[in-house]
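Below: one structure, written as C-alpha cells.
The values are calculated or read from the model by the stated rules, or taken from the named source; none is laboratory data. Not measured: the values here are computed from a predicted model. Cβ coordinates were reconstructed from backbone atoms using ideal geometry, including for glycine residues, and neighbour counts include every protein chain displayed. All accessible areas refer to the heavy atoms of the entire protein, side chains included, with ligands and DNA or RNA removed. Shrake-Rupley method; radii C 1.70, N 1.55, O 1.52, S 1.80 Å.
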12 protein chains.
Amino acid sequence: MPGTYKLVELVGTSPKSFAEATRAAIEEAAKTIHHMDWFEVVEQRGSIADGKVREFQVTLKVGFKVER
Amino acid sequence: MPGTYKLVELVGTSPKSFAEATRAAIEEAAKTIHHMDWFEVVEQRGSIADGKVREFQVTLKVGFKVER
Amino acid sequence: MPGTYKLVELVGTSPKSFAEATRAAIEEAAKTIHHMDWFEVVEQRGSIADGKVREFQVTLKVGFKVER
Amino acid sequence: MPGTYKLVELVGTSPKSFAEATRAAIEEAAKTIHHMDWFEVVEQRGSIADGKVREFQVTLKVGFKVER
Amino acid sequence: MPGTYKLVELVGTSPKSFAEATRAAIEEAAKTIHHMDWFEVVEQRGSIADGKVREFQVTLKVGFKVER
Amino acid sequence: MPGTYKLVELVGTSPKSFAEATRAAIEEAAKTIHHMDWFEVVEQRGSIADGKVREFQVTLKVGFKVER
Amino acid sequence: MPGTYKLVELVGTSPKSFAEATRAAIEEAAKTIHHMDWFEVVEQRGSIADGKVREFQVTLKVGFKVER
Amino acid sequence: MPGTYKLVELVGTSPKSFAEATRAAIEEAAKTIHHMDWFEVVEQRGSIADGKVREFQVTLKVGFKVER
Amino acid sequence: MPGTYKLVELVGTSPKSFAEATRAAIEEAAKTIHHMDWFEVVEQRGSIADGKVREFQVTLKVGFKVER
Amino acid sequence: MPGTYKLVELVGTSPKSFAEATRAAIEEAAKTIHHMDWFEVVEQRGSIADGKVREFQVTLKVGFKVER
Amino acid sequence: MPGTYKLVELVGTSPKSFAEATRAAIEEAAKTIHHMDWFEVVEQRGSIADGKVREFQVTLKVGFKVER
Amino acid sequence: MPGTYKLVELVGTSPKSFAEATRAAIEEAAKTIHHMDWFEVVEQRGSIADGKVREFQVTLKVGFKVER
C-alpha cells in the first residue's frame, strides 16, 4: 500500500448486532469518503432500555488513501 | 445523566454469536437490576468442542442508576 | 484443567460477521490441531471495497492441551 | 491493610469539575457502603450540550473492607 | 443514539485546571462542529516553567452526529 | 459454561506470598458467594515497613454463576 | 502552547525504514495542514513479499494548532 | 528539544482537587530538580475517610533536561 | 543475543502457586523445545472448587533461539 | 484476504537499527515459513555494552496464510 | 498520605519464586532508600537454563516519601 | 542476572532517526550510569517544523545493576 493514508474514527449503531453497526458506519461514511480500505474495531458498547439491548454501538477506525 | 451510577461486570453466553451472548446477559440481569442504561464489552472469549465453537462468551460492564 | 496448554494465534475471515469469521478460523484449525479447548478474541478488523464491508477479520488466541 | 477488601465501580457526575464528580460519587456511595478506604479513577468522560460541557463524568473503583 | 457519529481528537489548554482545559477545547470546537454530544479524556499532560505548572493540557475525543 | 456469570473484584492480603493472598481472598469470599468458578489476577501490590515487605496484596476478579 | 490543538491520525509508508515512513507521512500532510507541531507513533507494521520486508508502515498522530 | 531528558515519577497529594495535587508535586520537586519541562498524568487515586474524599493523589512523570 | 528468536505462548497449571505453574510449563515445554532462554508472564488466572483455589494457571511467552 | 491466517511471534536483532532487526527476523523466518504477508511490531528493546547500544531487538508478529 | 512521594523502578531476582524476588529487591533498596511505603508489580519475567527456570525476575515500582 | 537492578527513564533526541535518538540517550547516560545492561522503548514521538520532521524523540527505560 504505497502512499499516505488517513484514519478517521466513527461510531456506527444498529438494533441487531455489532456486525450490522459496523456495516452501517462504513456505508454512511462512503457518502463522503472515497477509497476506504480497511477498518479496525476500537470499542463495542450499547444502550439498554426496559431490560433489553436497544442498540449495539461500534467505534471504528477507518483507513483510506490520501488523494491529491 | 445527573446522579450516581454503578457498574456491574457480567459474562453472557450463547451458542450462536457475540450479539446473542450480550443479549442473554442483559436479559438475565434485568431480572434483578432495574434501570440499566448502557453496557461496554470488556472481553470476548469462547469454548471449543470437537473442533467447533461451542459457546460465545462476552464479558460486559453494565451501568445503571443508583436509586435510593 | 491440569497439564500444560499451548496458545496459537489465528486470523479468521468472513464476508458475513465476526462470529462467522471466528467459526471459520476454529474449523480450519481443527484440521491440524486436536483437543482445542477455548479461544480469546485479540483484535477485530476488516477490509472495505466500494464503500461496503468486504470482509470481517478476527484475530484469535486458541488454547489446546499439549499431548505427549 | 490485613483482611479482604472489595472493589465496586461507580460513575459520579458534576456540572463543575472532575474533582466534584469524584466527591459526589463517594458521598452517594457512603449512604450504603461503610468503611470505604480508597478510590482509583478508571475513566473520565462527559456530555456536551449547546457547544458547552454539560456534565463531567468520572468512573471510579472504590475499595472497602469486607466485614463479617 | 441511532445514526452514525464521528470522533475528533483535540487538545485543550488552561493555566488553571484540567476541567478548564476541557471546557476551553469544547468551546473552541463548537465554533466549527455542531451537535457535539460527548467527550472522553485520552491523556492529561502539562508544561512547567520556573518550577511551577504553566499549563494543564487535556487530550479529548469528542463525538458528534454525522449530518447529511 | 451455559448461563450468565457475574464477576466481583476483591483484594486479598498475606504476609507470605501472592499465592497466599489469592487463597485468602477466595476463602473469605466463599463465606458469602456460592459456586465461584474462576479468578483472574488484575493487579499485584504490597506494603513495606522497616525496609521489608509487610504485606502482599492481590486484586482479583472472581467469576461465579448467577443463580435464580 | 496556549490555544486549542487538533490531532489527525495518518499512516506513512516507506520501503526503507520506519523513520522514512514517518517523514513521508508528515511531508504529505504538510500539503494540506499548516502549523503542524508534533507527532506520536501509534503503531508500526509492514507488508512482506517474497520473504522480504516490502514496506514499513507507521501510524502517527499529528498535532497542529486550530486556527481561526 | 535537542539534548537528553530524564523522567522521574512522583505522587502529589491535595485535599482539594487533582489539579492542586499536581501543582503540589511539581512545586515540591522544584526544590531539588532544575529545568523541569513537562509532566504527564499516569494515575489518579485517592483516600476516603468517614465517607468523604480525604485526599486526591496524582501520579506524574516529570521530564527535565539532563545537564552536565 | 545475536540471531533470531521465536516466542511461544504456554499455560502452566499447579495446585500450589504461580511459581510452580511457571516451572511446570517450562519443564513440559523442554521436552520438545531446545535452547529456551527466557519467559514473560502474560496472565495469571485460576479455577475455584468448593470455595478454595483448585488450580493456579500462568500464561507465559517463552523465547528460544531459532536453530537451523 | 479470504481464508485463515496464522501469526507467529519472532525477535530479530541487529547492531544497526530497528529496521535492520525487522528485516533480519523476516528473512530468517522466510527459510521455513512460506507466503508471509504482513508484520506488526510488538516491542522494541536492546542490549547495552560499555555504555553503547550493542544490539537493537524487535519483537514482531508475522502473519501468513494457512495452506493445506 | 499527605506530602509528596517518589516512585523508583527496580528489578529483583530469585531462583525460588516471584515473592522471593520481590523481597530481595525491597531489602536491597532499603540500604539506600528510607521510608519506603508501598510497591506495585509492573512485570514478571525470568530466565531459563537447561530446560528449567533459572531465575524469577520481578519489576517493581516502589513508593517512598520525599524528605527534606 | 542475579542481584538487583534499577530502571531509569530517559528521552533521547535526533534529527535523523529513532535509532540515532536511542543511541544518543544511551551514550549521554553512560557519562553518569555504569554497567547499563538493556533498554526498552516506551514511546516514540517527535517535533515538526515547516512541514518536516525536525526531531525524533524516543523514551527509553534503561536497566543497570545496583552496585554497592
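A compact table of results
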quantity: Other-chain or far-sequence residues with amide H under 5 Å of E:GLY3's (modelled H); calculated: A:THR13
quantity: Estimated vicinal HN-Hα couplings, Hz - the range C:4-10 in sequence order (Karplus 6.51, -1.76, 1.60; Gly, Pro = x); calculated: 10, 10, 10, 10, 10, 10, 10
quantity: C-alpha long axis of helix B:18-29 to longest principal axis of chain B, angle in °; calculated: 40 degrees
quantity: Accessible area that becomes buried as I packs against K, both chains, 1.4 Å probe, Å², nearest 100; calculated: 1200 Å²
quantity: Label-to-label distance, nm, for residues given as I:ILE33 and D:LYS52 (7 Å Cα→Cβ offset); calculated: 5.9 nm
quantity: Residue closest to axis [chain D; rotation mapping onto B; Cβ; Å]; calculated: D:GLU9, 4
quantity: Along principal axes, Cα extents of the protein assembly as shown, largest first, whole Å; calculated: 68, 66, 62
quantity: Percent carbon-and-sulfur accessible area, chain L, ignoring ligands, DNA and RNA, probe 1.4 Å; calculated: 49 percent
quantity: Computed [θ] at 222 nm, helices only, for chain E once each DSSP H run of length n ≥ 4 contributes -39500 (n - 2.57); calculated: -5500 deg cm²/dmol
quantity: Distance in nm between pseudo-label sites at I:VAL42 and H:VAL66 (7 Å out along the Cβ direction from Cα); calculated: 3.4 nm
quantity: Vicinal HN-Hα couplings computed from phi for the range A:49-55 (Karplus, 6.51 cos²θ - 1.76 cosθ + 1.60; Hz; Gly/Pro x); calculated: 9, 6, x, 9, 5, 8, 7
quantity: Out-of-range pairs (alpha-carbon distance over 29 Å; input D:LYS61/F:LYS65; H:LYS65/L:LYS16; I:LYS31/L:LYS6; A:LYS61/B:LYS61; E:LYS16/G:LYS31; B:LYS52/E:LYS6); calculated: I:LYS31/L:LYS6; E:LYS16/G:LYS31; B:LYS52/E:LYS6
quantity: Kirkwood hydrodynamic radius of chain H, from inverse mean 1/r over distinct Cα pairs, in Å; calculated: 12.7 Å
quantity: Accessible area (Å², per residue) of chain E, counting only protein heavy atoms and a probe of 1.4 Å; calculated: 41 Å²
